[in-house]
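Please read the structure below before turning to the comments.
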Amino acid sequence: MKKKLLIVFLLFIFVLLSVSGYIIFELGNDHLYQEISISITSQLSEHEQHNFDMSGVILILTRLRNHMIFVMAVVLLFVIFTMFFFIRNIMKPLDDMAKAAKKMADGRLDEIIPVRTHDEIGKIGERINDLAMNLQEILLHIWSHTTCSKAILDQIDEIIRSQKSRPTEDCSSGIPLQLQEDVQSVRENIEDMQDMVQSFDAFYDIRLKDGKIVET
Amino acid sequence: MGKRILIVDDSSIMRKMVRKNLESGGHTIVGEAKNGREAVKLYRSLNPDVVTMDITMREMDGFTAAEYIRTYDNNAQIIFLSNLDKERYSDNAKRLGALGYLSKHKTKEILTLLRS
């Protein structure tokens, strides 16, 4: 994007310099003076031709050329200023935003997009930060709920183990195999979810430690 | 009787969740703040009965905001809502005279706390 913008600006500068340069060159060209002189004198009488002074016309054309150079310089400066303004205030923040968003997408939720302005670009940055913050909340919710569920499963496992250790003649103590498999399946699902949460490399201001969430 | 509550959390999804729970219990949400600084400002202008306060927030964290609020109003009722390990931070909440310290994944407990 930055390169494309730079090319557009350079093209604009090239066109501006070419057109202005051509006009300035033409205004300083002796051929032009001769053509004007011929064009004017052809409409004058012989006496008037004798008294005709070309220096007035040359003065006007020189002034016009100088004005043209001045206007071209001002426009050129304006274009260069606009180019830097665009790069500094639009391209650079967009670039920073893209880099930060990439890190967020890669699982670094501690990345914050720097919001320096309150314009549309600033608002996009704020919204991306909000999005990351909401994603973090959802992940932490999953983490907390799965940690609680895992603790409950541990208790169920404990009950199953104690039931299994009872004498076999006690028929009521038998734990259906299906139930044991279901508990194992739920445990695997929970562990999958926790693995997914842990696949995020970093969170904003906190970290996951031994099933707990602590401040960094 | 329903209370006038200010919700402070930097996550909009969390604010929405807390709001839903509190409104289902007949409470009124008078305002929402997304960081500690906004919370202090809104507390002064809205004077709510209770504040639900997140801890980790950009610009100003929940504990600092609670300190400012308690300086302004020593009777301010603050409930901390956080994902952070309760054992580690509830002492800090108590020191600040908080009404409670609840885990964010148990937002429904706010209603029980407010009833008590």
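Where a number appears in this text, it was derived from the coordinates with a stated rule and is not lab data. Being a predicted model, the structure only gives us computed values, none of them experimental. Don't worry about glycine lacking a Cβ; one is built from the backbone with ideal geometry, like all the others, and counts go over all protein chains shown.
Pick out, in residue order, every one of the trypsin sites (Lys or Arg not before Pro) in region A:35-129 that is DSSP loop and has at most 14 other C-beta atoms within 10 Å; say none if there are none.
Those that pass, being in a loop and sparsely packed, are A:R116.
On full extension of the chain, what length is gained from A:Q198 through A:K2, given 0.36 nm per residue of separation minus the C-alpha to C-alpha distance?
67.0 nm
Using only the alpha carbons of region A:128-216, determine the length spanned along each of the three principal axes and report them from longest to shortest in whole angstroms.
62, 22, 15
Apply 1/(1 + (r/R0)^6) to the Cβ-Cβ distance of B:D49 and B:S12, taking R0 = 25 Å, and write down the FRET efficiency to the nearest 0.05.
0.60
Which of rounded, prolate or oblate describes region B:51-116 when judged by the alpha-carbon gyration tensor and an a/c cut-off of 1.5?
Judged from the Cα gyration tensor, region B:51-116 comes out oblate (a/c at least 1.5, b/c at or above a/b).
Using the alpha-carbon centroid of each, what span in Å lies between region A:49-65 and region B:46-116?
First find each Cα centre; the distance between them is then 86 Å.
Averaged across B:102-114, how many Cβ atoms of other chains sit within 10 Å of each residue's Cβ atom?
Counting Cβ atoms of other protein chains within 10 Å of each residue's Cβ and averaging gives 2.
For A:F52 and A:S149 in one chain, what is 0.36 nm times their gap in residues minus the Cα-Cα distance, to one decimal in nm?
The A:F52-A:S149 span can extend by a further 24.4 nm.
For region B:4-100, what number results from the quotient of the Cα radius of gyration and 2.2 N^0.38 Å?
0.96
Could you calculate the FRET efficiency of A:E181 with A:R207 from 1/(1 + (r/R0)^6), where r is the beta carbon distance between them and R0 is 41 Å, rounded to 0.05?
After rounding to 0.05, the efficiency reads 0.75.
So what's the back-of-envelope 222 nm ellipticity for the protein assembly as shown, counting only DSSP H runs of four-plus at -39500 (n - 2.57) apiece and dividing by all residues, rounded to 500?
Counting only the DSSP helices, I get -21000 deg cm²/dmol.
For region A:120-215, what is the charge dipole size about the Cα centre, in debye to the nearest 20, if Lys and Arg each add +1 at the Cβ and Asp and Glu each add -1 at the Cβ?
160
Along Cα→Cβ, 7 Å out, is where each label goes; now give me the distance between the ones at A:R63 and A:R166 in nm to one decimal.
So the two model labels end up 11.5 nm from each other.
Mean projection of the alpha-carbon convex hull of chain A over all orientations, in nm²?
20.9
So how far apart, in nm, are the two label points at B:R115 and A:I159 if each is 7 Å from Cα heading toward Cβ?
2.6
For B:E23 and A:E188, FRET efficiency with R0 = 51 Å and r from the beta-carbon atoms, rounded to 0.05?
0.85
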